[in-house]
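The values are calculated or read from the model by the stated rules, or taken from the named source; none is laboratory data. In this text the structure is predicted, and so the values were computed from the model without any measurement. Heads up, the Cβs are rebuilt from the backbone with ideal geometry, glycines too, and the neighbour counts pull from every protein chain shown. Surface areas here come from the heavy atoms of the whole protein model, side chains and all, with no ligands, DNA or RNA. Shrake-Rupley method; radii C 1.70, N 1.55, O 1.52, S 1.80 Å.
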Amino acid sequence: MSSSYLERALDYIERHLDEAPATEEVARAIGVTAEQLRAAFLLIAGMTPSRYIRERRLSAAASDLMSGASVTEAAFRYGYESVEGFSRAFRSWCGTLPSDVARLGSHMRSPLHIALDVKGGHLMEYRIVEKDSFRLAGVMARVPMQFEGENPAIAELASGITEEQRAELHRLMDAEPRRVVNASWDSDTNFQEEAGELTHLIGVPTTAHAAGEGLALVEVPASTWAVFSSDGPHPDAMQQTTARIYAEWLSEVPYELDGFRMFSFSDVRDDGTAYSEIWVPVRRKV
């Protein structure tokens, strides 16, 4: 289960806290992919591994300060290049300057702790679809990597679709699933850290060989797709399902990711709920 390797990850981080291990290093040390580790943290801990490591180091610095360490000692022990940078990060984290910690004493915020709330424990429902090559037609842009909340760059991309482009996309939509989809791929960091950019497309699956003005046309090779559905509050239900795919499902089935391209669609209802599907390209493990 995802919690078992999350616990191993937390143990590894604790033993290497002074070194600020990167997500990829932690994942490699415990024998999972960086994508699985990130998804497990988001699903169970509610934050990315990099954020956990950053806040855990600040928590450790707080403990050191309460034990008598100077601000300078704590700053440099936990990797800050200046006392000023450490003080800003510390205050942003807990609302208190590190120089005030000694005065506050036991009233200081206690060290960061993540209580593991194990979810799941059973295989997710999914279906396997063998799909011939097709194309994605739509508006496309490089956008900043963002794991949580609405991505302003994607919202801006959507708001820029013209009425003429909407009509053209409706005309082009002739391949399954016959929905407007969001597709992401080609990350600078292979989805390992919340940094860099990825390519995002809002459009439709099509067999057409040409698209209207301002629309990109992207080839998608013939693939095996694992298809997952969710139904509930939007977008929370879909985001939780996506997290479980990477945190749980991939560790329990004889499949692995076949590249990083994935797409999804959501049929949103008036009450704020939605039926969603997430399509992930996979191949059988050798």
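The table that follows gives values for the structure above.
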read-out	value
Net charge, Thr241 excluded, C-beta distance under 11 Å - Lys, Arg +1, Asp, Glu -1	-4
Heavy-atom accessible area ranking, 1.4 Å probe, most first, across Met47, Met140	Met140, Met47
Probe 1.4 Å, all protein chains present, accessible-area order of Asp132, Asp100, largest first	Asp132, Asp100
For the stretch 65-77, 3J(HN,Hα) per residue [Karplus equation, 6.51 cos²θ - 1.76 cosθ + 1.60, θ = phi - 60°, Hz, x = Gly/Pro]	5, 5, 8, x, 5, 7, 4, 5, 4, 5, 4, 7, 5
Selection of GluC sites (Glu not before Pro), the stretch 5-104, meeting DSSP coil and at most 13 other Cβ within 10 Å	Glu81
Net +/- balance of residues flanking Ala75 in space, Cβ distance below 12 Å, scoring K and R +1, D and E -1	-1
GluC sites (Glu not before Pro) restricted to the stretch 195-286 and DSSP loop, no more than 13 other C-beta within 10 Å	Glu213
Given charges at beta-carbon only (K, R positive; D, E negative), |dipole| of the stretch 207-286 in Debye	400 debye
Total formal charge among the other residues, if their Cβ is under 13 angstrom from that of Pro221, Lys/Arg +1 and Asp/Glu -1	0
Exposure ranking of His234, His170, His16 by accessible area [1.4 Å probe, largest first]	His170, His234, His16
